[in-house]
Structures are given as C-alpha cells and as structure tokens.
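The values are calculated or read from the model by the stated rules, or taken from the named source; none is laboratory data. The structure presented is a predicted model; accordingly, all values stated were derived computationally and were not measured. Glycine gets a Cβ as well: all are built from the backbone with ideal geometry, and neighbour counts include every protein chain shown.
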Amino acid sequence: MRGLIADILESGGVEVVGEAEDGREALTVVADTEPDVVTMDVEMPEMNGIEAVERLMAETPTPTLMLSAYTAEGAEETFAALDAGAVDFFAKPGGEVSMGVSRLEEQLVETVRSVAKADLSTSGRQRRTEAAAAAASPGRTSGAGRSAQSVAVEPNTTLIIGSSTGGPDAVERVISALPGDADLRGVVVQHMPEAFTGRFAERLDAASELTVREAEDGMRIGRGELAVARGGHHLEIASARNGRLRLKVIDEERGEGVRPSVNVTMESAASVVEDPLIGVVLTGMGADGSDGVRALSRAGGRVLAQDEDTCVVYGMPKRAADTGCVDSVLPLDDIAGGITGERA
C-alpha cells in the first residue's frame, strides 16, 4: 500500500522523501526529512495514526492527511485523528484497496497538494487549545465565542453552510456558537464520504444547542433543526412552507465534480425559499459554492465567507468572495455572530 501511494504521488509530480512502516518510525522519518505533508494511515502496528498525529503535532508539526477505512468504525477513528490535529482525510474504498485508490489517483494527488498548503495555526487542535486557555482566564465568557445574550435572527431564516478541507472543525465551531432559540433551520454541506456524514451529524448535534441529523429523502426540518447532506449524494431543498423545509436526497451526477455539492443545495434554496436566506462558505479547496452564492445573492439572500487568516485552505471562500456576491468576509469565530446579526 505504501508503494502504491508513493507511485501515485510521484506520477502526479509530488516528491516522496520518505516512508515508514508504523507511527513510531514515522515520527523519526518526519524529523529527519522535514516534509511539506504527511500521509498517515489510521491503523498501524506499534503506534496507531491517532497517537502518531498527536506526537507529530507536539514534536514536529506537519500538515497531515489521514488515510481512512471507508467504514463507520473508520469514521470514528478518523474524527479522532482530526481532533488530534490532522488536516483532512482520504477515504480508502472498500474491496480491493489498491485497485480502489488507483482509480482515485487524481483526487489523492490534489488532496495531498491542498493539505500541504494548510496553515496549522488554524487547525482545530490549536484553536481548542487557545479556547481552553481563554475560558480559563478571568473575565472571559465560556463557549465557542458565544455572547452571554442570544441574538434573534429574522423569522423563518434558512441557513446553508458549505465547507471542504478543514471543514469538520470549522463547521462545529460555527454551529456550537449558535443560540438554540434562534429562528433558524438549514443544511450543512461538507465534502465527505457517505460512511462519515452520519457520524459528523452526531458530533454536531452533541456540540450544539440545535438539533442536527443526517439528511434523509423527504425529511422535513423546522426551527432549531439542521440537516447534514449525506455523502455521495446531492441535497436539494424541495419546498419551503410554514417555516419548514422539505429535503430531497439525489443519487445522480450534476456535473459538479463533488457530491454533495454546495452549489446544488444553495441553488435549490434560492429557487424555493421565499423567507430570509443566509449562505456561509467556510474553509476548503476548489470552487464549489461560488455558483451557489450567486444564486443566493440574486434571491436577496445574505452571504458570509470565512477569511483567509482563519482558513485551513483558502479556496472555496476566496472563489466565493471573487464573485462579488459575498456581503461579509469574517474570521471563523465571528461567523456565528454574522449569522445571528450580532456582527454586521
């Protein structure tokens, strides 16, 4: 497997400067070679990927891409690795792993290049450390940047959040800072395989005052509820009546290059939702969301984008801002306030 990945990266123009059989050896190789990026399997002998990432971030901080099994158990372990400081993950297909990864050569090379550019100072691990220190300081409010007083949004506001690389932590940061009594309902579109989005929804639900579930076809959501788009599928808002949204899960290509696509969800919201609309584009590589924010803006919606300094990868937010349809570009910890109107 190491040989296959090395061949794929080398053929894609990425120089491979070292290999390691397990996490313990990886720490030594990284210290010796000082690479721009590390690919790390979750399951390894001697020292697993989670412990190795924790040690790596403490000893030789290096952008790391996890290689994860395409299973529910793999999802749990992968989120633990992201918590430990990994930037992103690449899900290995089931069945014949080598054959599956070979079919995804271009995607793997693109993801490695993207992770290599990541700013570790904006990683989830670093932000949680800073937040814990701030919470321990006298005179500081607790919570992820939430003010002590909840702020009302306009009645029946629909929220669409899109993200990719670095997104799981960024989305959690935003959602956990939204007041539970806000008149919000909406959708989170995170580029993520199907085996992972259910667990992602559970994490967001546990971290938030809002109710968060993985989207199902025909699901209706109302005030205080968010749905996470299912991996491998597009998600449309089929209708919006009496403050409730009806969702449609679509298992077909739409020419977007990713599934789920932020564009598909935002464009559907713009076409059927007559109540207030807010679109948010967070950290991620690529241009997904740029067409969507144009549609939201034409429909009279308000659009926010994460700023470059707090993005792990400033791709999607930059492309969104370049459309001229973004109303506010904000640091990550100010996004929730931008949604509620606490910050203009």
Per the list (1) over 17 Å from the mean Cα position of the chain (by Cα); (2) of a type outside the set (A, V, I, L, M, F, W, C); (3) crowded, with 23+ Cβ neighbours inside 10 Å, residue check on Thr265 breaks on (1)
Can you pull out the residues in region 36-58 that are in a loop (DSSP other than H, G, I, E, B), under 23 Å from the mean Cα position of the chain (by Cα) and surrounded by fewer than 19 Cβ atoms within 10 Å (Cβ to Cβ)?
Asp36, Glu43
Of all helices (runs of 4 or more DSSP H) fully inside region 76-147, the set with 1 or more residues that are closer than 25 Å to Ala206 by Cα and at pLDDT 55 or above is 124-136
Selected residue [buried (at least 20 other Cβ atoms within 10 Å of the Cβ), charged (D, E, K, R) and without any contact (Cβ under 8 Å) to a residue 40 or more places away in the chain] from Arg230, Arg213, Arg220, Arg185:
Arg230
Residue within region 46-56 that is in contact (Cβ under 8 Å) with a residue 60 or more places away in the chain and not assigned by TED's automatic domain parsing to the domain that holds Phe200 present:
no
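Residue-wise test of (1) out of contact with any Lys or Arg (no Cβ under 8 Å at 6 or more places or on another chain); (2) within 19 Å of Glu172 (Cα to Cα).
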site: Ala270; (1), (2): no, no
site: Gly279; (1), (2): no, yes
site: Tyr314; (1), (2): yes, yes
site: Gly324; (1), (2): yes, no
site: Pro331; (1), (2): yes, yes
Hits in region 313-332 - residues which are touching a residue at least 24 places away in the same chain (Cβ under 8 Å), under 17 Å from the mean Cα position of the chain (by Cα) and closer than 24 Å to His234 by Cβ
Val313, Gly315, Met316, Pro317, Arg319, Ala320
